[in-house]
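Report on one structure; see the data block that follows.
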Amino acid sequence: MTTEPLHRNPERRPDRAALVIAAVLLVLAGIVAWDASRIGGVVQYARIGPQTVPYAIAICLAGLGLWTIVEALRGDFPEREPQEAMPVLWIVAGLLVQLLTIRFIGFSIATGVLFALVARAFGERRFWISIPFGIVLSIAVWVIFARGLSLTLPHGPLEDALMNLLRPRTTA
Amino acid sequence: MKHVIAASILAGAIALPFAAMAADYTIMAPAAPGGGWDQTARSLQEAMTAEGVSGNVQVVNVPGAGGTIGLAQFAQEANGNPDRLMVGGYVMVGAILTNKSPVTLDAVTPIARLTGEFEVIVVPAASELQTLADLTAKLKADPGSVSWAGGSAGGTDHITAGLFAKTVGADPKLVNYIAFSGGGEALAAVLGNQVTVGISGYGEFQAQVEAGALRVLGVSAPERIAIVDAPTFREGGVDLVVQNWRGIWAGPGLSAEQVAAITADVEKTVNSESWKKVLAAKGWNNTWLAGDDFKAQLATEIENTTAILKDIGLVS
Amino acid sequence: MGTVDLLIQGLGVAIQPINLLYALIGVTLGTLVGVLPGIGPATTVALLLPVTYRLDPAGSLIMFAGIYYGGMYGGSTTSILLNTPGESASIVTALEGNKMAKAGRGGAALSTAAIGSFVAGLIATIALAFLAPWVVSFALAFGPREYFALMVLAFVTVSAAFGDSALRGLVSLFIGLTLGLVGIDLQTGQARLSFGVPDLLDGIEVTTLAVAMFAIGETLYVAAQGKRAPATVEPVKGSLWMNARDWARSWKPWLRGTVIGFPIGAMPAGGAEIGTFFSYALEKRLSKHKEEFGNGAIEGVAGPEAANNASAAGTLVPLLTLGLPTSATAAIMLAGFQQYGLQPGPLLFTSNPQLVWGLIASLLIANLMLVILNLPLVGLWVRLLTIPKHWLYAGILLFATLGTIGANPSVVELGMLLVFGLMGYALRVFHFPIAPVVVGLILGPMAEQQLRRALAISQGDVTVLVTSPIAATLLTLAALALIVPMILRARGRGQVLTQMAADSD
């Protein structure tokens, strides 16, 4: 309640970003309604079938989109902090690297790289420190959770090499 | 002092899986930890290791969409690799059809059927329905008035309800089936008198039946089974047998020798004392069926299931 | 009397040194896996159950109780310190708990969570021992229409408790409801909003969404502030543990949380997170410090944590008395019991009293052990916050992704983590509240399924929704919760208007 100013600043121009949000909501409403229209009819005693609730949600989303347009035009959205793009990109890169490579290079290396890239986003530029540190940490986590507690974590060359080292010689 | 002991025991508990590392079979459970397929995979793991069939057995969980996500991944990863196995069952047959899965059971190599459970139809003790004939009459008179509580749409329970209606001459499309998400929700609905009948594997209802809170109207077995004191569907005049079974598959692209070796390993495990203990503890029946017999049975089931899912209206 | 004797006998078994050791190992292992975001108590118990098979029945039961309570407990620590809810029932804890941790009150938040969990666990376990038969008959009276009414009440009370803008709160809620549509419709098997992607057929995992929106969204937001964000957090301001004021503000929420959580846990379609929502909404309404909600109100940690633990004990009511597993965790526990040759159900209390009371005694011991273990560790935990920020957030993302990878190592699942993380970031930038998205994802599908079940059973007759006394009562409460604040606000505005009129004179 306290954040809404009683007297709006008449000089504030329409909020472009808020209009984008409104557009996103309207598009979302369209997608939900389109998807619901494709659902085939199954005999239902409930009278409300699998498409009823999606339609209701689509209507509400559209309504919220219109409401957002009104608030955007009136400049009712609160002030935003300026954002820096680079750190966000570093973190997104880290997550992308992990999800694309984890099945091939194993949990430890992929997660170690993620670790280093996130640290980079927060200003740690020394990759020759952060990558090895991240990998060692990830190996420790892998050993505890994958070997010790039988969680399924993808393994790669590093984990296999480690397990070979630890394997008792007699079974060879 | 106590901390030292605790720490060393803890370390021991964590270190135990290191003991035997000879990589042998990796069994995929195409479901989250805890469900029937996961329990089957983990029980196989235990029995195979205990019997020395395999030095080290790993279980991998790939959950999702009635096992079809695991199936798609397995068909690709296990191609030509005789160390990979996958657990699955009747539920997967239905899920492949309802989810329109691009990868079907044709893409993998069936090894054997392992366990099975029959379906039962139950009513609350206070219900006016006394026999299967009462249910049949009610269903024929007004199909909508019989609400059936069971698992998710298109699953074994739903299929059985549809087949039941079809067999007694009612329209399977008009079955008023109420799907409940797993666990005890369906059981609670029956106990709370919210629905007319409950339909599921006997294990789900066993405790309540023994306590007298539920009455079994019929069992989907071909003849009476020891654990359930109730008539079969056939005895009640409904010629229908349904079994919710689980089995094991290997990857595609294996030679006949490799398939034979895997079948021998699984057979040895299933005939072991450890496996018999598992069956007793979990209340599973041994329904061993391997090779061409299993393949033939699978083909019939896929055909029947496709037909009934079309009749119910879930598959077009 | 027989009951008390059996309980004492059970406690006697449980406090033997070797059994205490098993309990200790159980709670440690349980906490270790339970802290992983995305891996809740159900998976924890499933993964660790085989460890217990190596022991005798009494020992394994005790270790098992420890794993269960430890798994429940692990989630709240990460929620408070790292804003990373380990499971859906500790999402609400993150709301106020993490704000407290950032203000140097993490010790107090962890303490009220630990002690609140203990108090709730103690009361609820005793209630389990003595009230189980009554609670269970109440729980069974809930059919689809009653659940639908309960969900309506939850929507009304919970959405009133989030955020300061009706528009932004509703947008968040409807994003959550839309996400809740994704996947196969349980009643008809039709795929909705899945666009042919098989990984979407099972819907969106609540923990994936929560971890992404909270942990990853927050990390992105803090990183994007660049140098303007404070370099480090001061981990302790004032006393490390709870001060007298904290105690005074915590004890009532503990008790209220217990009273809410226990019966909801006992309901077959309840779920621990529903209890935490109600508790949070109630505490916010009753609190004398409403302005602190959203900025670190201790009541908002104390109540939901108590509710969470009480519902864990509540889950055991239908499990032990009816053999009815009402949650994924309970279903796995059922499998565990069968391993010990125990068939939970109506006959269990009479046929196997030693084991039942042994289990209840074990739960009491595990509960006590958790609070004894965790209180001294609070100081150590809050030190985590003094780790330099670049390592701390790198570690948070390591843990956040670890949970998801462990639960389901698929590219699509990790992709969802990234997409929802970016969405959580965008929502933060535009001051949209985060929690309603998760609430919508949890409550939406439940409400829809229950409504359709109720109508299918009645063959389309809508009047059944209000003809049951319980449903009618719940819906009346929901209507009151919606209308009364409006009237009060209208009146309040009237007062302001008269005041303004008086001023202008």
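Within segment B:141-153, being more than 13 Å from C:Gln459 (Cβ to Cβ) and surrounded by fewer than 21 Cβ atoms within 10 Å (Cβ to Cβ) holds for one residue alone: B:Ala141.
Could you tell me whether B:Ala107 is modelled with pLDDT of 85 or more and either surrounded by fewer than 19 Cβ atoms within 10 Å (Cβ to Cβ) or touching a Phe, Trp or Tyr at 6+ places or on another chain (Cβ under 6 Å) (or both)? Against the criterion (modelled with pLDDT of 85 or more and either surrounded by fewer than 19 Cβ atoms within 10 Å (Cβ to Cβ) or touching a Phe, Trp or Tyr at 6+ places or on another chain (Cβ under 6 Å) (or both)), B:Ala107 does not qualify.
Does B:Thr232 satisfy the criteria of being of a type in the set (Ser, Thr, Tyr), modelled with pLDDT of 80 or more, under 21 Å from the mean Cα position of the chain (by Cα) and not assigned by TED's automatic domain parsing to the domain that holds B:Asn79? Outline the logic, then answer.
Numbers: of a type in the set (Ser, Thr, Tyr): yes; modelled with pLDDT of 80 or more: yes; under 21 Å from the mean Cα position of the chain (by Cα): yes; not assigned by TED's automatic domain parsing to the domain that holds B:Asn79: yes.
So B:Thr232 passes the test.
Just one of (1) assigned to a helix (DSSP H, G or I); (2) touching a Leu at 6+ places or on another chain (Cβ under 6 Å) fails for B:Lys173. It is (2).
Looking at segment A:58-75, which of the residues that are small (Gly, Ala, Ser) and at pLDDT 90 or above is surrounded by the fewest Cβ atoms within 10 Å (Cβ to Cβ)?
Applying the first criterion (small (Gly, Ala, Ser)) to segment A:58-75 yields A:58, A:62-63, A:65, A:72, A:75.
If we keep only those that are at pLDDT 90 or above too, we end up with A:58, A:62-63, A:65.
Details: A:Ala58: 23, A:Ala62: 17, A:Gly63: 14, A:Gly65: 21.
The qualifying residue surrounded by the fewest Cβ atoms within 10 Å (Cβ to Cβ) is A:Gly63.
Of the residues in segment B:89-130, how many are more than 14 Å from chain C (Cβ to nearest Cβ), over 16 Å from the mean Cα position of the chain (by Cα), of a type in the set (A, V, I, L, M, F, W, C) and within 30 Å of B:Gly192 (Cβ to Cβ)? Qualifying residue count for the region: 3. Candidates are the residues of segment B:154-183 that are within 11 Å of another protein chain (Cβ to nearest Cβ) and among the small types (Gly, Ala, Ser); the one that is surrounded by the most Cβ atoms within 10 Å (Cβ to Cβ) is B:Gly154.
Mind checking which residues of segment B:268-296 are in contact (Cβ under 8 Å) with a residue 12 or more places away in the chain and more than 23 Å from B:Ala226 (Cβ to Cβ)?
Residues of segment B:268-296 that are in contact (Cβ under 8 Å) with a residue 12 or more places away in the chain, as a first pass: B:268-270, B:272, B:274-275, B:278-279, B:282-291, B:294-295.
If the condition is that a residue be in contact (Cβ under 8 Å) with a residue 12 or more places away in the chain and more than 23 Å from B:Ala226 (Cβ to Cβ), then B:Lys268, B:Thr269, B:Ala290, B:Gly291, B:Phe294, B:Lys295 are the ones that fit.
What about C:Ser279, is it modelled with pLDDT of 85 or more and polar (S, T, N, Q)? Against the criterion (modelled with pLDDT of 85 or more and polar (S, T, N, Q)), C:Ser279 qualifies.
Might you check whether a residue that is β-branched (Val, Ile, Thr) and either in contact with a Cys (Cβ under 9 Å, 6 or more places away or on another chain) or away from chain C (no Cβ under 14 Å) (or both) occurs anywhere in segment B:142-153?
Applying the first criterion (β-branched (Val, Ile, Thr)) to segment B:142-153 yields B:146.
Subsequent filtering for residues that are either in contact with a Cys (Cβ under 9 Å, 6 or more places away or on another chain) or away from chain C (no Cβ under 14 Å) (or both) retains none.
Scanning segment B:142-153 turns up no residue that is β-branched (Val, Ile, Thr) and either in contact with a Cys (Cβ under 9 Å, 6 or more places away or on another chain) or away from chain C (no Cβ under 14 Å) (or both).
For segment C:260-267, indicate whether the set of residues that are at pLDDT 85 or above and surrounded by fewer than 22 Cβ atoms within 10 Å (Cβ to Cβ) is non-empty. Within segment C:260-267, none of the residues are at pLDDT 85 or above and surrounded by fewer than 22 Cβ atoms within 10 Å (Cβ to Cβ).
From the list A:Pro10, A:Pro78, A:Pro50, the lone residue that is farther than 30 Å from C:Val464 by Cα, assigned to a loop (DSSP other than H, G, I, E, B) and at pLDDT 75 or above is A:Pro78.
Tell me, which residue of segment A:106-130 that is among the hydrophobic types (A, V, I, L, M, F, W, C), more than 8 Å from chain C (Cβ to nearest Cβ) and surrounded by fewer than 24 Cβ atoms within 10 Å (Cβ to Cβ) is nearest to A:Ile91 (Cα to Cα)? Among them, the one singled out is A:Val113.
Taking the conditions (1) within 22 Å of the chain's Cα centre (by Cα); (2) among the β-branched types (Val, Ile, Thr); (3) surrounded by fewer than 22 Cβ atoms within 10 Å (Cβ to Cβ) in turn, C:Val411 satisfies each one other than (1). Mind listing just one residue for me: the one in segment C:203-216 that is at pLDDT 85 or above and crowded, with 24+ Cβ neighbours inside 10 Å and, of those, nearest to the chain's Cα centre (by Cα)? Only one residue fits best here, namely C:Leu209.
The rows are residues; the columns are (1) within 30 Å of A:Thr152 (Cα to Cα); (2) at pLDDT below 90.
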| residue | (1), (2) |
| --- | --- |
| C:Gly415 | yes, no |
| C:Ala435 | yes, yes |
| C:Asp461 | no, yes |
| C:Leu474 | no, yes |
| C:Ala478 | no, yes |
| C:Met500 | no, yes |
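Of all residues in segment B:193-208, those satisfying the criterion of being at pLDDT 85 or above and either within 14 Å of chain C (Cβ to nearest Cβ) or not in a strand (DSSP E or B) (or both) are B:Asn193, B:Gln194, B:Val195, B:Thr196, B:Val197, B:Gly198, B:Ser200.
Take the conditions over 30 Å from C:Arg168 (Cβ atoms), within 7 Å of chain C (Cβ to nearest Cβ) and in a loop (DSSP other than H, G, I, E, B) and apply them to A:Pro154. Does it pass?
Numbers: over 30 Å from C:Arg168 (Cβ atoms): yes; within 7 Å of chain C (Cβ to nearest Cβ): yes; in a loop (DSSP other than H, G, I, E, B): yes.
Answer is yes for this residue.
Annotation: B:Asp229 fulfils all but one of (1) over 30 Å from C:Leu319 (Cβ atoms); (2) in a loop (DSSP other than H, G, I, E, B); (3) touching a helix residue (DSSP H, G or I) at 6+ places or on another chain (Cβ under 9 Å); (4) acidic (Asp, Glu); the unmet one is (1).
Checking each residue in segment A:34-92 for being without any contact (Cβ under 8 Å) to a residue 12 or more places away in the chain, more than 25 Å from A:Ala23 (Cα to Cα) and more than 8 Å from chain C (Cβ to nearest Cβ) picks out A:Gly41, A:Val43. So is B:Ile27 at pLDDT 80 or above and not in a loop (DSSP other than H, G, I, E, B) or not? When the stated conditions are applied, B:Ile27 passes them. When the test is whether a residue is part of a helix (DSSP H, G or I) and outside the structural domain of B:Leu85 (by TED's automatic domain parsing), B:Leu309 passes it. The criterion of at least 3 residues that are modelled with pLDDT under 75 and crowded, with 24+ Cβ neighbours inside 10 Å is met by the following helices (runs of 4 or more DSSP H) wholly inside segment C:34-146: C:41-52.
The values are calculated or read from the model by the stated rules, or taken from the named source; none is laboratory data. The shown structure was predicted, so the numbers you read here are calculated from the model rather than taken from an experiment. Heads up, the Cβs are rebuilt from the backbone with ideal geometry, glycines too, and the neighbour counts pull from every protein chain shown.
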